[in-house]
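K.L.:
Please see the structure below; I have some questions.
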Amino acid sequence: MKAELTQLITLQNLDTNVRRLEAELEAIPQRRAEIEKEFEQRASEFLALENSRDEARTTRARLETELAETRTKAEHADRALMAATNEKEYTAAIREGDAARKHSSELETKILEQMEAFDNAEKAINERTADVEKLRAERDAQLAALEEQARARAAQIEAQRQERERVFNALPKQMGALYNRISARVRGGNAVAEARNSSCTACHMTLRPQVMAQIRRGEEVIICDNCARILYYAQAAPQATQAAT
Ligand SMILES: [Zn+2]
C-alpha cells in the first residue's frame, strides 16, 4: 500500500509538471506576438521617416510641374506685352506677368522647403538604419530562442506524459481509476494531498487522531471526508513536493 501511495504521489508530480509545461507552451504565441509588436512599434518611427521622405519627393515633383507651367505663363505674358497695341492690352499683360512671376517665386520657395524636408528625412533614415537593423536582428534572435523553447517544452511534455503512462500502468487498475476520477473533479487536478499536523493540507479540514493514525500506517486508501482527496503521510524523507517538517 505504501508503495502505491508513493506511486500516486509520483503520478501527481508528473501531472503537475505536464500542466505547468503545457501552460508555458500555450503562453508562447502570446509572447511571440509581443516581440513582433514591440519591433513594429520601434521601427514605426523609421517607417514614418521613409513616408515623409517619399512624400517630400512627390510634392516637389508636383510643384516643379506647376512651376514650369507658371514660367510658361510668364513668358506668354512677356510676349503679349511686346505685342500690346493699346493701354488695355498693355495693362493686362503687365498684370498677368507680375502674377505669374510672383507665383513662380512662391513655388520656388516651396520647392526649397520640400528639398530640405527630403534631405532631413534622408539624413534621419541613414542615422537610424543601423539601429533598425540591430532591432531586427534582436527580434529574430528572440523569436528563434522562443521557437527553441517551444520545441524543448513539447519534448519535455512528451517525456513526462510517457513517464506518467508508465507509472499509471504500474498501478492497480482500481487505484488508477480512483486517482483519475478525483483528479478530474478537484480544482487544480491534485488528487493526492498530504496529511500534516492533523489536517488535510488541501482543504485544511481537521483529521481525527484515529484517521491520522490510519494514514500514518498507510495500509489502506484514506480519503479526506471534506475534499475527497487521497491522503498520505510524508515520512522524514518524503517523495512528495511538499517536505514534512
Ligand atoms: Zn481535504
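Just so you know, all these numbers are worked out from the coordinates, no wet-lab data involved. Since the structure is predicted, the reported quantities are computational estimates derived from the model, not experimental observations. Cβ atoms come from the backbone with ideal geometry, glycine included; neighbour counts cover every protein chain shown.
K.L.:
Cross-link partners among lysines for Lys123, C-alpha distance below 21 Å, same-chain residues fewer than 8 apart left out?
P.N.:
Leaving aside lysines fewer than 8 places away in the same chain, those within reach of Lys123 are Lys110, Lys134.
K.L.:
Please report, in debye to the nearest 20, how large the charge dipole of region 131-245 is about its Cα centre when each Lys and Arg carries +1 at its beta carbon and each Asp and Glu carries -1 there. List each step's numbers first, then the result.
P.N.:
Details: 17 positive and 13 negative charges, 115 e Å.
Charge dipole of region 131-245: 560 debye, to the nearest 20.
K.L.:
Sort region 172-232 into rounded, prolate or oblate with this rule: let a ≥ b ≥ c be the square roots of the eigenvalues of the Cα gyration tensor; rounded if a/c is under 1.5, and if a/c is not under 1.5, prolate when a/b is larger than b/c, oblate otherwise. Walk me through the intermediate numbers first.
P.N.:
Values: a/c = 2.59, a/b = 1.34, b/c = 1.94.
Oblate, since a/c reaches 1.5 and b/c is not below a/b.
K.L.:
List, in order, the whole-Hz ³J(HN,Hα) value for each residue of region 8-14 obtained from phi through the Karplus relation with A = 6.51, B = -1.76, C = 1.60 and θ = phi - 60°; use x for Gly and Pro.
P.N.:
Along region 8-14, the couplings run 4, 5, 4, 4, 5, 4, 5 Hz.
K.L.:
Another question, then. Please report the net charge: other residues with Cβ closer than 13 Å to the Cβ of Val18, K and R +1, D and E -1. Could you put the intermediate results ahead of the total?
P.N.:
On the way: positive: Arg19, Arg20, Arg153, Arg161, Arg164; negative: Asp15, Glu22, Glu24, Glu26, Glu158, Glu163, Glu165.
Overall, the nearby charge balance is -2.
K.L.:
Along the positive direction of the dipole of region 12-170 (beta-carbon charges: Lys, Arg +1; Asp, Glu -1; about the Cα centre), which of Ala155, Met82, Phe118 reaches farthest?
P.N.:
Ala155
K.L.:
Continuing with this model, one more query. Pull up the cross-link candidates among the lysines for Lys173, meaning alpha carbon to alpha carbon under 22 Å and not fewer than 8 places away within one chain.
P.N.:
Partners found: Lys2.
K.L.:
Note the per residue figure in Å³ for the convex hull of the C-alpha positions in region 1-158. Intermediate values should be presented prior to the final figure.
P.N.:
Values: hull volume 17.8 nm³, N = 158.
It comes to 113 Å³ per residue, whole-number rounded.
K.L.:
In whole Hz, with x marking every Gly and Pro, tabulate ³J(HN,Hα) for region 174-191 from phi via Karplus 6.51 cos²θ - 1.76 cosθ + 1.60, θ = phi - 60°.
P.N.:
Running phi through 6.51 cos²θ - 1.76 cosθ + 1.60 with θ = phi - 60° gives 5, 5, x, 5, 4, 4, 4, 5, 5, 4, 5, 8, 7, 5, x, x, 7, 8 Hz.
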